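Taking it in order: structure first as structure tokens, then the write-up.
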């Protein structure tokens with residue numbers, strides 16, 4: 001009898017940790033993009049590279065999240081998400097690699113909505129994928145043309161630290177979100193206290209019901225929160241974004257528009273640029289999707305004048321789902337710069353030359369767990 005009681009006690013003790021971890025989930029993504037044939041021009045005069053190959057493992061990560069029910073429909077939750085890139089990291093602007101260097105926060109949620117603090121995509125950035133179709137980064141990435149200046153120094157595709165975030169409940173399809181950073185240190189750069197003492201404010205409003213989704217966002221960077229060098233300390237930038245998508249049978253159509261306004265120095269000179277994207281996903285078979293997207297960065301308008309500084313990007317993909325968690329794709333992307341345009345497909349850190357164009361064929365595989 002005592003042996004039986006002891007066995008039950010041991011079993012209960014062993015089961016206790018499992019029960020405590022019942023609300024914890026380990027998840028992640030492994031992404032690989034290989035370009036065996038990418039047209040690319042070096043920035044050094046007379047040193048063109050007509051064809052190169054490249055590899056990108058960006059957007060790979062491992063995370064752990066958990067939730068504890070508090071009663072009354074409320075709960076506390078946490079998430080720690082860490083980059084798992086195994087290729088060269090050419091985009092350190094969103095924080096040096098380390099534990100919890102992607103979307104990571106502690107929050108409380110319930111009927112009032114969701115409030116959380118930590119490192120997270122700005123409110124506007126959380127919605128950009130709804131109507132963008134192609135990725136933000138990688139060879140196909142729309143980030144450079146849609147949400148950055150052509151030098152890549154100012155970005156509205158930010159994952160910021162020291163952020164406070166709120167997401168509203170869904171009211172018959174309507175919802176909104178807000179985020180703001182604490183003063184100083186919003187990004188993983190060393191701030192200059194003399195001129196960098198601002199915040200990043202971001203917000204969106206969205207309606208999603210049936211086949212229709214419409215959203216708008218606004219983001220403001222005050223007092224040099226995105227640029228820590230190059231004589232741009234103490235400047236401010238803003239962006240307005242509008243997007244819409246509609247599902248018609250096997251085809252989903254989408255449109256995204258961005259309006260960029262930024263200081264170029266501390267004496268009032270500024271830049272303005274409008275960019276847009278139109279795309280569609282066509283489910284041609286239960287497992288296969290054809291994706292097309294076209295985007296254009298308009299030329300800069302500003303007090304100094306910037307003529308022919310635009311660019312266009314063309315994307316066409318075939319995506320095949322091998323399972324619910326694993327898919328592969330092959331796609332072609334081309335960037336075409338105006339005579340003073342300085343844009344690139346996002347997988348390379350060397351820009352396509354001014355007035356030049358370049359294309360890449362890319363094979364992609366992704367597994368989610």
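The values are calculated or read from the model by the stated rules, or taken from the named source; none is laboratory data. Since we're looking at a predicted model, the values are computed, not measured. Cβ placement follows ideal geometry from the backbone for every residue including glycine, while neighbour counts extend to all protein chains displayed.
Within the range 71-85, the set of residues being over 19 Å from residue 157 (Cα atoms), assigned to a strand (DSSP E or B) and in contact (Cβ under 8 Å) with a residue 12 or more places away in the chain comprises 74, 75, 76, 77, 78, 79, 80.
Being in a loop (DSSP other than H, G, I, E, B), modelled with pLDDT of 85 or more and either over 19 Å from the mean Cα position of the chain (by Cα) or buried (at least 22 other Cβ atoms within 10 Å of the Cβ) (or both) holds for only one residue in 140, 47, and it is 140.
Do we find that residue 255 is at pLDDT below 95 and in contact with a helix residue (DSSP H, G or I) (Cβ under 9 Å, 6 or more places away or on another chain) in this structure? Judged against the criteria, residue 255 is not a match.
Of the residues making up the range 238-256, those that are farther than 26 Å from residue 198 by Cβ and either within 18 Å of the chain's Cα centre (by Cα) or crowded, with 17+ Cβ neighbours inside 10 Å (or both) are 243, 244, 245, 252, 253, 254, 255, 256.
Would you confirm whether any residue within the range 108-127 is surrounded by 19 or more Cβ atoms within 10 Å (Cβ to Cβ), over 13 Å from the mean Cα position of the chain (by Cα) and not in a strand (DSSP E or B)? Looking for residues that are surrounded by 19 or more Cβ atoms within 10 Å (Cβ to Cβ), over 13 Å from the mean Cα position of the chain (by Cα) and not in a strand (DSSP E or B), one finds none in the range 108-127, hence no.
Being under 26 Å from residue 368 (Cβ atoms) and either modelled with pLDDT under 50 or part of a strand (DSSP E or B) (or both) holds for only one residue in 62, 52, 10, and it is 62.
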